[in-house]
Each structure stands twice: as C-alpha cells, then as structure tokens.
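The values are calculated or read from the model by the stated rules, or taken from the named source; none is laboratory data. Everything numeric in this text was worked out from a predicted model, so none of it was measured. Ideal geometry is used to build each Cβ from the backbone, glycine not excepted, and the neighbour counts take in all protein chains shown.
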Amino acid sequence: MNTADKLGRGLLIVFEGLDRAGKSTQCARLVNDLEKRGEKVKHVRFPDRTTPIGKMIDNYLRGESQQEDHVIHLLFSANRWELAATIKAEIAAGTTVIVDRYYYSGCVYSTAKGNPDMDLAWCRHPDEGLPRPDICLFLDLSAAEAAKRGGWGEERYEKKEFQDRVRKLFGTMRESADKDDFVVIDAGKSEEEVADSIKSEVEKVAASLAASKKPLGRVQPW
Ligand code: DGP
C-alpha cells in the first residue's frame with residue numbers, strides 16, 4: 001500500500017540548505033526512490049525560473065538586473081504563490097510533492113542582507129498561508145565545506161561570508177516557529193549515507209502521518 005492509500009493524500013517534502021549542500025542530487029534520488037516504490041511524485045524547484053516572475057528572479061541572481069531588497073523578496077514569495085494551488089491540488093490527488101528550497105530560504109537569504117527593515121519575522125509574512133511542509137530535510141554543511149564543492153561562486157549569494165550568515169539564520173529558524181518541521185541531515189557524509197538518512201526520515205514521517213491522518217497544513221503566522 002502506498003502513502004496516498006494510507007494517508008488519503010500525498011506528502012509535502014522540502015529540502016533546504018546552503019548552496020552546494022547537495023539538495024538537487026538528493027531530491028533527484030528521493031524522487032527516483034519513491035517512484036520505484038510505486039508512489040506518484042512531482043519534483044518542484046524554487047525559484048521556478050520558467051515563469052515571468054521567475055525570469056526576473058533569474059536575471060537578478062545572475063547579476064543582470066538590480067532590484068530593491070523588499071521588491072526581490074516579494075518576487076521570490078510571489079513565485080512560490082504562483083505554484084501553491086497546483087501543489088495543493090497534486091497533494092490532494094495523492095501525489096507526493098518534493099520541493100527543492102521553499103519559504104525558509106525566502107526568509108534567511110533576504111534577512112542575511114542585513115537590511116534593518118527586514119528581519120526574519122518581516123520576511124516570513126508574505127509566505128504565511130502557503131502549504132506547510134510535512135517535513136523539511138535540512139542538509140547541513142558548513143559554508144567552508146560547501147565552497148570546496150564545484151560550481152560555487154557564480155551567482156549573487158554564493159560568497160562565504162553571506163553563506164555563513166545564511167547558515168546562522170537557518171539555525172534561528174530551526175529553533176523558532178518552524179522548529180517542528182525540520183530534520184537536520186549531516187550533508188558532509190557520503191551521498192549514499194545522506195540518501196539513506198533521508199529515506200529513513202521520510203519513512204518515519206509517512207508512518208506517523210498515516211497513523212494520525214493529519215491533513216496538509218498551512219504556514220502559520222510566526
Ligand atoms: P538555487 O536555484 O537553488 O541555486 O537557488 C538560487 C539562489 O536563490 C540561492 O542562492 C538561494 C536563493 N534563494 C532561493 N529562494 C530565495 C528566496 O525566496 N529569497 C531570496 N532572497 N533568495 C532565495
């Protein structure tokens with residue numbers, strides 16, 4: 001029996017972590033693993049750079065345009081809202097949705113800029129009401145370790161001091177309103193070991209939700 005049969009819906013699983021923590025690789029592995037087990041799975045990545053809003057974000061991240069801090073923050077959030085109804089509908093139809101980055105990134109990357117008008121609470125507001133993840137798998141890696149992995153340093157936020165601040169803020173989020181969502185995974189281990197830890201955490205949450213029949217939640221005010 002698959003998750004949808006036991007729970008009456010799919011799961012909302014989010015991956016978070018610093019740039020180069022291995023989110024894309026592990027997302028792809030989990031998608032593959034769940035599909036092999038007969039689950040219906042959809043893989044979503046934020047920012048979704050394919051929509052008109054996503055294209056503005058892409059230009060900004062690649063340094064091809066400038067945006068005022070509040071404006072780009074709201075565009076990232078709008079980019080998630082663009083897909084919110086689809087995510088909800090997929091989950092209701094029994095599909096497990098796996099999301100690479102979500103509003104937690106939205107909060108910490110914007111707050112890390114140090115704009116005094118934009119603390120974590122302010123940054124979280126526009127995302128309140130989005131579908132709430134059943135689990136957020138946080139792939140934990142130091143900024144120094146992340147920097148050693150290839151392909152780092154090309155986009156706007158890929159600088160060590162910035163990533164250090166991002167990591168600290170993720171730590172604050174993991175202790176705050178969203179603390180029950182997070183499971184920390186040591187992303188410094190081998191790809192195989194990380195994948196095994198993820199599989200076991202997903203099995204745990206699926207079993208616990210199947211027992212409680214908990215409906216999909218909404219991101220609550222801080
Ligand atoms: P990725 O495509 O996963 O490499 O993400 C692109 C970059 O954008 C990455 O440095 C993290 C950052 N980012 C992702 N979501 C948000 C967001 O909602 N707000 C801000 N300010 N940055 C974000």
Using the structure shown, decide if Thr86 is away from the ligand (no atom under 13 Å from the Cβ), over 19 Å from Leu18 (Cβ atoms), at pLDDT 95 or above and touching a strand residue (DSSP E or B) at 6+ places or on another chain (Cβ under 7 Å). no
Please verify whether Val166 is under 15 Å from the mean Cα position of the chain (by Cα), modelled with pLDDT of 90 or more, within 15 Å of the ligand (Cβ to nearest atom) and closer than 27 Å to Ile87 by Cα, treating the condition exactly as stated. yes
Kindly indicate whether any position in the stretch 132-143 is in contact with a Ser or Thr (Cβ under 9 Å, 6 or more places away or on another chain) and free of Cβ contacts under 8 Å to residues at least 24 places away in the same chain. no
Over the stretch 25-62, the set of residues surrounded by fewer than 18 Cβ atoms within 10 Å (Cβ to Cβ) and among the polar types (S, T, N, Q) is Thr25, Asn32, Thr50, Thr51, Asn59
Out of (1) among the β-branched types (Val, Ile, Thr); (2) touching a residue at least 12 places away in the same chain (Cβ under 8 Å); (3) closer than 17 Å to Val14 by Cβ, what's the single condition that is false for Thr86? (2)
Out of everything in the stretch 1-13 that is assigned to a helix (DSSP H, G or I) and charged (D, E, K, R), what residue ends up being surrounded by the most Cβ atoms within 10 Å (Cβ to Cβ)? Lys6
Report the residue count in the stretch 63-82 for those that are of a type in the set (Asp, Glu) and either near the ligand (Cβ under 9 Å from one of its atoms) or buried (at least 18 other Cβ atoms within 10 Å of the Cβ) (or both). 1
Search result, residues across the stretch 141-159 that are under 22 Å from Val194 (Cβ atoms) and surrounded by fewer than 19 Cβ atoms within 10 Å (Cβ to Cβ): Ser142, Ala144, Glu145, Ala147, Lys148, Arg149, Gly150, Gly151, Trp152, Glu158
Which residue pairs have Cβ atoms closer than 6 Å, lie 6 or more positions apart in sequence or on different chains, and pair a first residue in the stretch 3-28 that is within 16 Å of His43 (Cα to Cα) with a second residue that is within 16 Å of the ligand (Cβ to nearest atom) and in a helix (DSSP H, G or I)? Phe15/Lys23; Phe15/Cys27; Glu16/Tyr104
When you scan the stretch 14-34, do you find a residue that is in a helix (DSSP H, G or I), within 16 Å of the ligand (Cβ to nearest atom), touching a strand residue (DSSP E or B) at 6+ places or on another chain (Cβ under 6 Å) and under 20 Å from Asp178 (Cβ atoms), even just one? yes
What pairs come up if the first residue lies in the stretch 101-123 and is more than 19 Å from Val183 (Cβ to Cβ), the second is assigned to a loop (DSSP other than H, G, I, E, B) and more than 8 Å from the ligand (Cβ to nearest atom), and their beta carbons are under 8 Å apart, counting only those six or more places apart or on different chains? Ser110/Met118; Thr111/Met118; Thr111/Asp119; Leu120/Ser176; Leu120/Trp222; Ala121/Trp222
Please determine whether any residue of the stretch 46-62 is more than 10 Å from the ligand (Cβ to nearest atom), in contact with a Ser or Thr (Cβ under 9 Å, 6 or more places away or on another chain) and without any contact (Cβ under 8 Å) to a residue 40 or more places away in the chain. yes
Are any residues in the stretch 145-181 hydrophobic (A, V, I, L, M, F, W, C) and touching a residue at least 60 places away in the same chain (Cβ under 8 Å), and if so, which ones? Ala146, Ala147, Trp152, Val166, Leu169, Phe170, Met173
